[in-house]
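See structure below.
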Amino acid sequence: MNKLILAAALAALSAGTQAADFSLRVIGATSLPTGTLFQGVEFGGISGIDRAADGSYWAISDDRGGERGTPRFYNLSLDYDASGFNGVTINRQINMQRPDGSTFPANARTVDPEGIRVAPNGNLYWSSEGNWSANPSARYQPFVREMTTEGVFVREFATPAMYDYVDNSTTGGRSNKLFEALTVAPDGTVFVANEDALIQDGNITTLGSGSVVRVTALDPVTGSARGQYAYELPPIPVDAAPGAPFGPDNGLPELLAISDTQFIAIERAFASGVGNTIRITLAEITADTTDVSSFASLAGAQYTAMRRELLLEMPITYNGITLDNIEAVSWGKTLDNGHRTLVLAADNNFSATQSTQFIAIELMPVPEPESYAQFLAGLGLMTLSLRMRRR
C-alpha cells in the first residue's frame, strides 16, 4: 500500500523532468553493539531489511553457518520520529529452512543470506550470494527464494546461469560479489543484482575506474528472468590507509523500488583504515535502457545503462554520524508531517570494531508549484482508493 502511494506521488512529481523532486534529510541513528545476544545467539550481520504490514521490520543476517550460529532472520521494532532515533527492539529470531524442511547447518558455510523483502502475498523473498569453493562439493550457488515468515521454503526463482560460480577466475560470479541487492516493484516483479561485476563483464571497481553490474527482473508468476539491465558503479572515492591489510572497494548492496522502473540504490564504498562512504542514488530503467539479457559479456559492449542520479553522498562521518557498513534499506514510517522515511541498516561483520547501525532518513518533496499540486493530488487519489479497498 505505502509503496503504491509513494510511487504514484513520485510519478506525479517527476512528470516532464529528469531530476528527482525530493531531497533527503538524515534524522538520526542508533546502534546495537557487537556481541549483543538474543535467545543465546549473537545478533548481527544485518544485510537486508524490509518493513512488514504491521509496522515491524524483517531483517536478515548474513551469518553463513559455521560463524555465529544457524543462518537466520529477525523481526525488529524501530523507534524513531522526526527528531531522532530512539532505539531498536529484537522481537523474534527465525531460522531459514532448506527445501527438505531442515535448517541450514550451524557448523558449515552453505549459504550467504543478503537480501530480504516482503512478497505481495505476505511471504518473504530472500537472496543468497552462495559460497565459492575450489572444491565443487563445498561450492554453493547463489539463489533467490521465497519462504514463509516462519522460514519454511516455498520456491526458488530461476536466476540466470551467468551469475553462477564457475572458477572464480575466467567467467561467472566472483566470490562474495553476487546477490546483495533485492527488491520488489509495485507490480510484483522481483529485481536482483550482483554487488560488483561478473568476471566476464570486466574488472571490479577501482580508484581510477568504475564497473558494471546486472540488475535482473524476475517474473513473480513463472519465477524466470524477463529482463536484465546494466547499472554503472562509479570509481572508489577514497583510498585505504597506508599499510592497510587490503585495498578499498565499492559495490551495490541494495535496491529499493519506488515504482515499476525507478529505484533508490545504495552504493557502499569502504577504505580500510579510513571508513565507509555511502551514496544514495535514484536509478531508473528508461525507454532507452538496453535489455542486456543476451549479452554474454558487457566488457566493450555497446548498450545504454540505467539512468543514475546522485541524491545524497554521505562521507565517512556525516551530520555527526560515523557511518558503518550500510548494506540494507527499507521504507520506514510516515512522519507526523506527512513525509515518508527510509531506514538504512549496517552489517557489522560480527566485528568488535563495528556495530549494527540503523539510520532514519526523511524524504522531503521539493517540487515546482504546479508539480506540488500534482503531488498532493496523487497522494489524495491513492489514499481515497486504498480507503475504498478496505471497505
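The values are calculated or read from the model by the stated rules, or taken from the named source; none is laboratory data. Remember, predicted model here, so these are calculated numbers, not experimental data. Every residue, glycine as well, gets a Cβ built from its backbone with ideal geometry; the counts of neighbours run over all protein chains shown.
One residue stands out in region 212-237 among those that are closer than 16 Å to residue 179 by Cα and touching a Ser or Thr at 6+ places or on another chain (Cβ under 6 Å): the one that is surrounded by the fewest Cβ atoms within 10 Å (Cβ to Cβ), namely 225.
Applying the criterion of being hydroxyl-bearing (Ser, Thr, Tyr) and under 22 Å from the mean Cα position of the chain (by Cα) to the residues of region 217-249, the residue that is farthest from residue 158 (Cα to Cα) is 231.
Please enumerate the residues belonging to region 125-142 that are touching an Asp or Glu at 6+ places or on another chain (Cβ under 7 Å) and more than 15 Å from residue 191 (Cβ to Cβ). Those that are touching an Asp or Glu at 6+ places or on another chain (Cβ under 7 Å) and more than 15 Å from residue 191 (Cβ to Cβ): 128, 129, 130, 131, 141.
When 158, 119, 185, 134 are screened for being out of contact with any strand residue (DSSP E or B) (no Cβ under 6 Å at 6 or more places or on another chain) and not polar (S, T, N, Q), only 134 passes.
If you take the residues in region 102-116 that are assigned to a strand (DSSP E or B) and under 16 Å from residue 177 (Cβ atoms), which one is farthest from the chain's Cα centre (by Cα)? So, considering only residues that are assigned to a strand (DSSP E or B) and under 16 Å from residue 177 (Cβ atoms), the one farthest from the chain's Cα centre (by Cα) is 113. Looking only at residues in region 32-50 that are crowded, with 20+ Cβ neighbours inside 10 Å and not aliphatic (A, V, I, L, M), the one that is nearest to residue 94 (Cα to Cα) is 43. When you look at residue 155, is it within 30 Å of residue 75 (Cα to Cα) and basic (Lys, Arg), yes or no? Answer is yes for this residue. Would you confirm whether any residue within region 80-99 is modelled with pLDDT under 95, out of contact with any helix residue (DSSP H, G or I) (no Cβ under 6 Å at 6 or more places or on another chain) and surrounded by 16 or more Cβ atoms within 10 Å (Cβ to Cβ)? No, there is no match, as no residue in region 80-99 is modelled with pLDDT under 95, out of contact with any helix residue (DSSP H, G or I) (no Cβ under 6 Å at 6 or more places or on another chain) and surrounded by 16 or more Cβ atoms within 10 Å (Cβ to Cβ). Residues in region 1-27 that are within 16 Å of residue 330 (Cβ to Cβ) and at pLDDT 90 or above were compared, and the one that is surrounded by the fewest Cβ atoms within 10 Å (Cβ to Cβ) is 24. Among residues that are out of contact with any Cys (no Cβ under 9 Å at 6 or more places or on another chain), surrounded by fewer than 20 Cβ atoms within 10 Å (Cβ to Cβ) and hydrophobic (A, V, I, L, M, F, W, C), residue 181 is not included. Among the conditions (1) more than 18 Å from residue 213 (Cβ to Cβ); (2) assigned to a loop (DSSP other than H, G, I, E, B); (3) touching a Phe, Trp or Tyr at 6+ places or on another chain (Cβ under 7 Å), the only one that residue 94 does not satisfy is (2). Residues that are touching a residue at least 40 places away in the same chain (Cβ under 8 Å) and surrounded by fewer than 18 Cβ atoms within 10 Å (Cβ to Cβ) were ranked within region 139-150; the one that is nearest to the chain's Cα centre (by Cα) is 149. Scanning region 274-284 for residues that are farther than 18 Å from residue 356 by Cα and part of a strand (DSSP E or B) yields 279, 280, 281, 282, 283, 284.
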